[in-house]
1. Please note which helices (runs of 4 or more DSSP H) are completely contained in segment A:131-244 and include at least 3 residues that are farther than 25 Å from residue A:393 by Cα and modelled with pLDDT of 70 or more.
2. Mind checking whether some residue in segment A:11-19 is buried (at least 16 other Cβ atoms within 10 Å of the Cβ) and either within 30 Å of residue A:162 (Cα to Cα) or modelled with pLDDT under 80 (or both)?
3. Among the residues of segment A:386-399, are any assigned by TED's automatic domain parsing to the domain that holds residue A:241, at pLDDT 90 or above and closer than 29 Å to residue A:247 by Cα?
4. May I ask you to verify whether residue A:120 is modelled with pLDDT under 85 and not assigned by TED's automatic domain parsing to the domain that holds residue A:229?
5. Among what's in segment B:90-102 and is surrounded by fewer than 22 Cβ atoms within 10 Å (Cβ to Cβ) and touching a residue at least 12 places away in the same chain (Cβ under 8 Å), pick the residue that is farthest from residue B:152 (Cα to Cα).
6. If I ask for residues that are in contact with a helix residue (DSSP H, G or I) (Cβ under 7 Å, 6 or more places away or on another chain) and either closer than 16 Å to residue B:122 by Cα or outside the structural domain of residue B:31 (by TED's automatic domain parsing) (or both), which ones from segment B:155-179 would you list?
7. Could you figure out which of (1) more than 16 Å from residue A:150 (Cα to Cα); (2) surrounded by 14 or more Cβ atoms within 10 Å (Cβ to Cβ); (3) at pLDDT below 90 isn't true of residue A:51?
8. Quick one: how many residues across segment A:406-419 are part of a loop (DSSP other than H, G, I, E, B) and away from every other protein chain (no Cβ under 14 Å)?
């Protein structure tokens, strides 16, 4: 029995290794995936090398904001930018940078930040002010929350340091009793502690932080987890049509029906279009189901441009199926199709930001990501679902997707072996 | 006299350095069954693939139904039907769906399409299996459906590439009857095979092909008659047969005599009577006959005579 198993094993190994293309792909593909994921996540696991970049507009007329920023700069996880291309940042500039996707976070200190922190809380109705944290609404909460918490913590520390000494001095002044040095030495820290707790729990704190989206985006409320994640996984899912389409072409060649079609009165381009079309339709249905079900099950908002969603979907499907034609043209065996599909899909999905937000990747990898249709499709969907853009605003990205589709299909037709 | 529907002059096809088709000329008449007979690898499928516009030749002129092959391939394709050697069907679709699809590809639609599919299924005896997926068919049934797919659009010329390979005798006979029926309806058929009996039964004319060249082209009777009434091969224990040749040629019923590969090759007008005379001659010369082979006048013999090897070698 063992000999027969060995004979069967050896036979299949021989067959497998005869397919050199398939062999290369099966071993290259996981390696490529490891490489790209490692690079993509390098910013997360070595924060000092790829800190989260935060744009800062410091409008504070005092010194408290500057002190806080110094503390923020000391943290290796963050990179504070107060200027851009030699010019001091303004509110309009930071919003533009976020809209353009060049940055994700911006911190705005109001002019009265120091005044609010250092005010005398007991004497008059106190001043309140807000520090704004402008965030690209597409940024997942898993990324935003740590930033929010960190900055909130720094604000509270700043508030404590600014308010406490003056508060305690006021207390002793009102008491009017030159308390002995010994008593004041033990009383002061306890009072400070009590007072500070009172500050933290005040219902209307002097300084609060508010997270908002850039003015140019029409976000009525912050996106939920589904709006942030469904587009990425949808795009990842629809590109699996590449495998189906390529295998179908290969099967048609193997079953001999391809030869029969070549003899029929129709051009080869018509033949390829006829082969491409059913998978394009399948892709559209796939997108409708994925987004539709997400909308129904998870109450995911579909933005306010159904026309925009439609045209992005049509363009994304054209790109995915165009890539399928290209793979069908290049691959000769099922092993090659499988290996090439997995290699392409995983690589493009990771680089395009379907699994990991692109903004946490190193700058160079973000640039590489723009060479993937996934990045453009994902961005377009997020523009509609998360950033509240309308039909016209996504057209440039639709144009890029269609360009990808034309290139993939064109190369596929050019390289297709009909004989 | 029928006119020719296919004219081929100087056809050449190369695969790298290998010349698969080497300057082939042929003319196929309307309404005839034209056979291409030769062993595997002779070039039959290559020729038929070129004529079916599947392959592009490297050289040569081809005219099909008056259309120039290279320039007017679009006009040629609706006129031809192609039945490849490999089955070319969608196994998960039914027979009906397969034929409907191929009919649509050729521009048939509506009631016309439905009628054609019905008729063709009846022609190949598969009407009662129309709704069944092809993968449930026997080999013979698949072959019949394979032919049906090439007929659904009523072509003027049908190319059949070894249509009976690997099927049972009953299905084979069924296919022969279909082909004869199609011929009776006026269809021109180009039939490739390496089975003599198929050519002898079906074909009006035959081209014997080997290594990319046409060795002979004639009716089956005409080809066989080239051998006279048989060919004899005699093996004799002589260093050279040359001295014996004049006497052999002088014998009655001997048409030609040559030395070939150490044996005496004799074309006769009557193999048995010629053999008797040869034995008498050898006895008179005190020469033993080491081996004797007699080729009856068949296409197999013709092939052997032309190529020096058997069709199934």
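1. Answer list for segment A:131-244: A:141-175.
2. Yes - at least one qualifying residue is present in segment A:11-19.
3. Yes, that holds for at least one residue.
4. Criteria met by residue A:120.
5. The extreme case among them is B:92.
6. B:171, B:174, B:175, B:176, B:178, B:179
7. Among (1) more than 16 Å from residue A:150 (Cα to Cα); (2) surrounded by 14 or more Cβ atoms within 10 Å (Cβ to Cβ); (3) at pLDDT below 90, residue A:51 violates only (1).
8. Residues meeting the conditions: 1.
The values are calculated or read from the model by the stated rules, or taken from the named source; none is laboratory data. Please read all numbers here as calculations on a predicted model, not as lab measurements. All Cβ positions, even for glycine, are placed from backbone atoms using ideal geometry, and neighbour counts span all protein chains on display.
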